[in-house]
Amino acid sequence: MTHTITVHTSSAYDVLCGSGLLPGAGELCRRVNRGVHALIVTDSHVGPLYADTVERSLTAAGYQVRTFTFRAGEQSKRLATVEEIYEQAAMCPLHRDDLIVALGGGVTGDMAGFAAATWLRGIDVVQIPTSLLAQVDSSIGGKTGVDTVAGKNLVGAFWQPRLVISDPDTLDTLPDAVRTEGAAEAIKTALIADEELFAQMEAAGTITPEMIRRCIAVKRDVVEQDEREAGTRKLLNFGHTIGHALERRYAYRLPHGQAVAVGMVAAARIGRCMGITPADVEPRIAAVLRRFGLPVEDPVPPEQLMTFLTADKKHHASGVDFVLLTRIGSAVWRTVEPAQLVAWLTPQAD
Ligand code: GLY
């Protein structure tokens with residue numbers, strides 16, 4: 001059965017969720033795009049598993065198809081890889097009515113989306129997220145971009161997809177570590193907006209297709225309210241302030257979900273120290289993260305972390321922006337002074 005969640009942003013689009021959607025991807029793309037050429041962008045992990053299926057399906061739907069496969073990993077998420085996508089787009093050649101298909105996880109979606117946003121000043125992109133992280137979060141809402149030496153996601157564009165095709169069957173082939181990583185974003189979504197969903201995750205210790213749909217509904221509600229992150233959308237960054245600092249500290253070799261997991265526990269502690277987050281929230285978050293096999297702390301000293309925090313785009317003249325929980329299922333954002341952070345993040349502070 002296919003579930004449709006429609007996202008009403010500046011351009012409305014459907015997120016289709018259903019087992020077995022992948023072989024029919026071409027027909028689904030045809031419903032929203034009338035182009036001749038399609039460029040599939042995928043990575044060296046996902047391409048060997050699914051690119052043939054999607055390519056055949058697009059061909060059957062009348063597209064002339066080319067597939068570009070880049071080396072899997074956050075290290076590829078940079079302008080040099082986007083330039084390679086442009087070269088492939090020129091070889092197709094992709095015209096204004098044509099299509100880029102992002103087949104893969106968060107890195108693929110962000111980068112292929114950015115290429116689509118900028119090629120010929122913007123062409124259609126269909127997101128086919130194959131990781132849990134991409135299905136619950138990054139494929140929806142139109143954030144696209146790349147990392148630079150100066151920081152993560154500093155170059156990008158808001159570019160909504162024409163369609164998102166989310167097939168939970170693709171999660172069966174995920175390596176355990178990648179699946180676990182995606183669980184962090186699903187837990188984050190529940191923590192900021194859906195207490196009942198969080199309780200289900202606590203009880204189940206796994207993320208079911210129904211929970212994925214519930215996360216998508218939360219994401220839809222948030223991006224419909226605030227497409228360009230002027231306010232409410234910042235709440236989706238819960239755990240990401242410390243998370244991004246850790247990723248930079250480890251030169252992006254620490255998986256995003258693991259960094260966010262540590263960041264969520266830290267944010268719960270900061271919220272407690274500020275009198276915003278109830279004391280039982282931090283241990284509840286830590287327990288569920290442990291249950292999912294995610295880390296809850298990191299040995300980097302707080303003073304060292306500050307160097308990486310202040311280089312982030314969430315840092316500005318008055319401090320660093322944090323998303324904090326007022327309870328499980330509800331969040332606010334606050335600016336925190338770096339000097340206080342060091343004290344709160346130092347274990348002896350307890
Ligand atoms: N992943 C956070 C956002 O889409 O705003």
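Can you bin segment 209-350 into rounded, prolate or oblate? Criterion: square roots of the alpha carbon gyration tensor eigenvalues sorted a ≥ b ≥ c, rounded for a/c under 1.5, prolate for a/b above b/c, oblate for the rest. Rounded shape, in that the Cα axes give a/c under 1.5. Scoring 84-92, 183-191, 299-307 by mean Cβ neighbours within 10 Å over their residues and listing the highest first yields 183-191, 84-92, 299-307.
What shape does the chain have by the C-alpha gyration tensor, where a ≥ b ≥ c are the square roots of the eigenvalues, rounded means a/c under 1.5, and otherwise prolate means a/b greater than b/c and oblate the rest? Intermediate values should be presented prior to the final figure.
Values: a/c = 2.01, a/b = 1.64, b/c = 1.23.
The shape class here is prolate.
For the chain, what is the calculated [θ] at 222 nm in deg cm²/dmol (nearest 500), taking -39500 (n - 2.57) for each run of four or more DSSP H residues and dividing by its residue count? Walk me through the numbers before you get to the answer.
Details: 12 runs with 143 residues, N = 350.
After summing the helix terms and dividing by the residues of the chain, the value is -12500 deg cm²/dmol.
Sorted by packing (mean other beta-carbon atoms within 10 Å per residue), highest first, where do 47-58, 219-230 land?
47-58, 219-230
Computed from the C-beta positions of residue 290 and residue 2 and an R0 of 41 Å, the FRET efficiency is 0.75 to the nearest 0.05.
Projected over all directions and averaged, the alpha-carbon convex hull of segment 85-241 occupies 9.9 nm².
Computed from the coordinates by the stated procedures, all read-outs in this text should not be read as laboratory data. No experiment lies behind these values; they were computed from the predicted model shown. A quick note on method: Cβ atoms are made from the backbone with ideal geometry, for glycine too, and the neighbour counts reach across all protein chains shown.
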